[in-house]
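Heads up: the structure comes next, in structure tokens.
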Amino acid sequence: MGPEYQSLIRLVGTSEEQERFSGMTYQDMFDIVRKRVEDAEATGLNTLIMDHPHHFIPCTTINHDAKFPRESRAQPTIFLEGISSSPKNPTFLPDAFLFSFTPIFTIRHPARVLQSYIRATYHAKHILERGKVLLSQVEVIARFKWERLVFDAFNQFEGNTRPIVVDGDKLVQDPQSQMRSLCERLGIDTDKIDYVWDPGDLGVVQDAYSDCPEMFKEGFHGTLVRSSGVVSDKNIGPVDIFHEKQRWAEEWDEELASQMEDLESDLKRITSKARATHR
């Protein structure tokens, strides 16, 4: 919403949201996040930050080789103690901040990512009513090229924490086992993880996403805030790429379906790199 917005669509929220965010730069938001991290660490807590890499990767990188490029915008500059990002860093987050974290990538096949995205953005109908906008958004959001860029940056330089890749389908099939493995790698007590809860206790989740524009809250977080536990699906099977392309063409259009194989190639590349790293 702020003056440096990088997304294809400039979000329009409530009047309160517009007043709150309209003048905020990336540096302003970064300073808020950094302060929260410092406050958490001062009390001995671990900090978890969740986001999509394309939100902090320059437009010039996003548009490179894009079938549906977005309007180019000036790259924001974020400083931490006077230093910004270096050429080894594919994002515009300062090196000292980005590389201080342990990156965790949760990956799923683009066919399943797209379904989730379409379902979540259904409430923001202005996106779905603009075909080229949807195609461009899908090209960015459903690809794992951006995760791969960050993944490679962490692996390329000595001293960086090695990335962790979580298979989203395996997480759905057996959440306890996958979370146990993840916690062991992070040194976190698995006994503190809840797999069932009272929906009334999820006020903390609503607070955590209070900054999200109203148009997306129901789509992205509605199911979560009404839930009572983790829902697993042990019968989830591999994606039939031919069947999915046909279904995409029938449900949306041929042009969208044609992106399937291109999107799948990024997933295969980061998966193979992750396996090689974890041997």
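So which of 91, 61, 43, 77 ends up being hydroxyl-bearing (Ser, Thr, Tyr) and touching a helix residue (DSSP H, G or I) at 6+ places or on another chain (Cβ under 7 Å)?
91
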For this session: Just give me the residues in segment 156-172 being more than 19 Å from the chain's Cα centre (by Cα) and either in a strand (DSSP E or B) or at pLDDT 90 or above (or both), in sequence order.
Result: none
Exercise. What is the one condition in (1) at pLDDT below 85; (2) closer than 21 Å to residue 53 by Cβ; (3) surrounded by 17 or more Cβ atoms within 10 Å (Cβ to Cβ) that residue 202 does not satisfy?
Worked result: (2)
Seminar exercise, completed: When (1) more than 24 Å from residue 107 (Cβ to Cβ); (2) at pLDDT 90 or above; (3) in contact with a Phe, Trp or Tyr (Cβ under 8 Å, 6 or more places away or on another chain) are applied to residue 53, the one that fails is (1)
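The values are calculated or read from the model by the stated rules, or taken from the named source; none is laboratory data. These numbers come from a predicted model, not from an experiment. No Cβ is skipped: glycine too gets one built from the backbone with ideal geometry, and neighbour counts run over all protein chains shown.
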